[in-house]
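The values are calculated or read from the model by the stated rules, or taken from the named source; none is laboratory data. All figures in this text were calculated on a predicted structure; none of them were measured in a lab. Here Cβ is always computed from backbone atoms with ideal geometry, including for glycine, and neighbour counts include all displayed protein chains. The protein model used for the area step is the full one, side chains on, heavy atoms only, and it has no ligands, DNA or RNA in it. Shrake-Rupley method; radii C 1.70, N 1.55, O 1.52, S 1.80 Å.
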Amino acid sequence: MHDVAPAEPAAPVRGDGPGLLRAIGTRLPDVRLITDRSDLEPYRRDETAYLRGGLPLAVALPASTAEVAGLVRLCAAHDVPIVPRGAGTGLSGGAVGIEGALTISFMRMDRILEIDAGNLTVTTQPGVINATLKQAVAEHGLFYAPDPASYAMCSIGGNLGTNAGGLCCVKYGVTRDAALGLEVVMADGAVLRLGGKNVKDVAGYGLIPLLVGSQGTLGLITEATLRLLPAPAPRATLLSFFPSLVAAGEAVAGLTAAGLRPVTLELLDRTTIRAVDDAFGLGLDRDAAAMLLVESDAAGGGADSELDAAVAVCEAAGSTFVLRAADAQEADWLREARRRAHYALEQQGVARMEDIGVPRSRVPDMLAEIERIGERHRIRIGAFGHAGDGNLHPTFVLPRDEDEEAAVARLEAARVDLFEAALALGGTVTAEHGIGLAKRAWLPRQRGEAAVEVMRSIKRALDPRDLLNPGRVL
Ligand SMILES: Cc1cc2nc3c(=O)[nH]c(=O)nc-3n(C[C@H](O)[C@H](O)[C@H](O)COP(=O)(O)OP(=O)(O)OC[C@H]3O[C@@H](n4cnc5c(N)ncnc54)[C@H](O)[C@@H]3O)c2cc1C
């Protein structure tokens with residue numbers, strides 16, 4: 001069982017592809033183009049393994065904003081749609097290929113342009129990898145907070161495209177909170193420069209928050225100025241094990257209610273604990289129903305006392321065992337194990353990761369629902385995620401040898417129950433991966449038709465010919 005979700009319905013190839021390629025060759029001769037069919041194949045997909053998109057006409061790898069603007073103008077002239085693409089680690093199909101469209105990869109625009117320690121900002125091109133940016137600013141004693149678990153692979157452009165979250169967003173916010181300025185190529189090829197280094201700036205409508213998270217459907221981000229922080233204190237790290245998922249959920253709600261501000265508050269259920277332990281041999285408590293990873297970077301030597309307070313909350317919720325990392329290296333292993341939870345589950349079968357969010361106080365209810373859904377549909381579900389944000393990644397794990405049709409039916413039914421449960425708890429069908437291609441049907445269900453119509457009118461105003469990532473999000 002591999003492609004468990006149907007691919008995008010085949011639409012007729014749009015526009016004059018051969019004419020576009022000739023025009024790029026003559027008008028933008030320095031733009032690197034991939035046109036060989038076998039080299040294009042990987043661009044059908046992103047990390048949403050079950051979604052197989054169309055084969056792009058070509059992949060363009062521009063090196064400057066002027067080249068991006070030139071490509072957009074030529075695509076408009078030849079009516080060929082554009083799929084913007086970063087590192088292709090997305091989990092909602094936002095960067096998967098469209099048959100006959102031009103994929104624009106930003107991975108050659110990979111320069112950090114300025115680290116401004118005085119203003120606590122970094123200005124960067126979109127193709128820089130998140131971990132590279134973090135490392136570069138760390139060398140100046142500074143900290144770039146957003147850290148998706150994929151931080152070693154994903155790009156800043158993709159993070160802006162999805163408004164990526166991550167492990168320390170519970171304390172420092174998501175990508176949108178870090179975006180102070182953007183340079184954007186619009187659907188007509190115009191280049192807008194929005195915001196900059198001002199921390200406060202309320203001139204006109206907020207276009208930056210609109211563009212961040214728009215999954216490449218409203219504009220192509222060619223440069224960003226991002227907020228930095230002074231490097232925080234070294235982290236103290238602990239694992240707390242629980243006899244039930246609900247007890248762990250109560251600890252999450254309790255930590256929030258107690259006013260603690262951990263930098264990381266991640267949850268792994270038993271299926272995920274065992275998968276991670278199988279993969280990394282960490283000696284975790286395999287019988288525990290759930291585990292929390294809690295970290296503090298409180299200033300002034302306060303990290304240990306914040307963790308002491310966290311232990312008290314965890315024990316009051318029923319934690320049976322607490323393990324504190326002995327040193328920074330051990331803490332790194334534990335954090336890395338959490339980052340690789342998805343890959344550990346993939347070793348157990350065909351894994352399909354979902355992404356839901358609920359108000360933090362409802363995490364225990366959501367975890368109980370996930371258990372019930374697994375039982376009702378006889379599907380193994382590994383639940384893990386950024387519990388401190390109320391953001392969980394229930395991951396369906398299906399046997400590799402299961403009959404495809406039966407598996408798809410059970411999975412789809414379980415998925416419907418999962419999203420309905422999240423919505424019933426006042427939550428969302430996607431907290432950080434985006435609607436993309438994978439969840440379009442759920443957008444009106446969550447937001448309501450009237451809100452979706454407002455979104456459509458924004459799309460029509462900014463991209464009247466539906467050139468930018470058509471069919472994604474809306
Ligand atoms: C193991 C694993 C763990 C993950 N953990 C997390 C996590 O903790 N938190 C989280 O939020 N996500 C996570 N993700 C999902 C993914 O890494 C993020 O969504 C990431 O932001 C995607 O970045 P990318 O460079 O790979 O972008 P892509 O997948 O290439 O693109 C993502 C979207 O952004 C658009 N886009 C890309 N570049 C631009 C640009 N320059 N201008 C406009 N639009 C653009 C694309 O069209 C697409 O819609 C994880 C993925 C994996 C595989």
Scan of segment 340-392 for residues that are among the hydrophobic types (A, V, I, L, M, F, W, C) and within 16 Å of the ligand (Cβ to nearest atom), ordered by number:
Ala341, Ala344, Leu345, Val350, Ala351, Met353, Ile356, Ala383, Phe384, Ala387, Leu392
For segment 223-240, enumerate the residues that are crowded, with 24+ Cβ neighbours inside 10 Å and over 25 Å from the mean Cα position of the chain (by Cα).
Ala236, Ser240
Can you tell me which residue within segment 111-124, out of those that are open to solvent by 10 Å² or more (accessible area, probe 1.4 Å) and touching a helix residue (DSSP H, G or I) at 6+ places or on another chain (Cβ under 8 Å), is farthest from the ligand (Cβ to nearest atom)?
Ile115
Is it the case that Asp417 is open to solvent by 20 Å² or more (accessible area, probe 1.4 Å), assigned by TED's automatic domain parsing to the domain that holds Ala351 and within 16 Å of the ligand (Cβ to nearest atom)?
no
So which of Val174, Val185 ends up being touching a Leu at 6+ places or on another chain (Cβ under 9 Å), in contact (Cβ under 8 Å) with a residue 40 or more places away in the chain and not assigned by TED's automatic domain parsing to the domain that holds Gly357?
Val185
Candidate set from segment 336-376 (those that are in a loop (DSSP other than H, G, I, E, B) and modelled with pLDDT of 90 or more); member that is most open to solvent (accessible area, probe 1.4 Å):
Gln347
Test each condition in (1) crowded, with 22+ Cβ neighbours inside 10 Å; (2) more than 24 Å from the chain's Cα centre (by Cα) for His393 and report the one that comes out false.
(2)
Just for segment 142-160: of the residues that are open to solvent by 10 Å² or more (accessible area, probe 1.4 Å) and touching a Pro at 6+ places or on another chain (Cβ under 7 Å), which one is nearest to the ligand (Cβ to nearest atom)?
Gly157
Could you list, in sequence order, the residues of segment 81-102 that are more than 6 Å from the ligand (Cβ to nearest atom) and either outside the structural domain of Thr65 (by TED's automatic domain parsing) or not β-branched (Val, Ile, Thr) (or both)?
Pro81, Ser92, Gly93, Gly97, Glu99, Gly100, Ala101, Leu102
Report, by residue number, each residue of segment 241-250 that is over 25 Å from the mean Cα position of the chain (by Cα) and over 25 Å from Gln329 (Cα atoms).
Pro243, Ser244, Val246, Ala247, Glu250
Is it the case that segment 308-321 has a residue that's farther than 26 Å from Ala422 by Cα and assigned to a loop (DSSP other than H, G, I, E, B)?
yes
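Which ranges mark the strands (runs of 3 or more DSSP E) fully within segment 42-132 that have 3 or more residues being closer than 25 Å to Met353 by Cα?
In segment 42-132, the matching strands (runs of 3 or more DSSP E) lie at 82-85.
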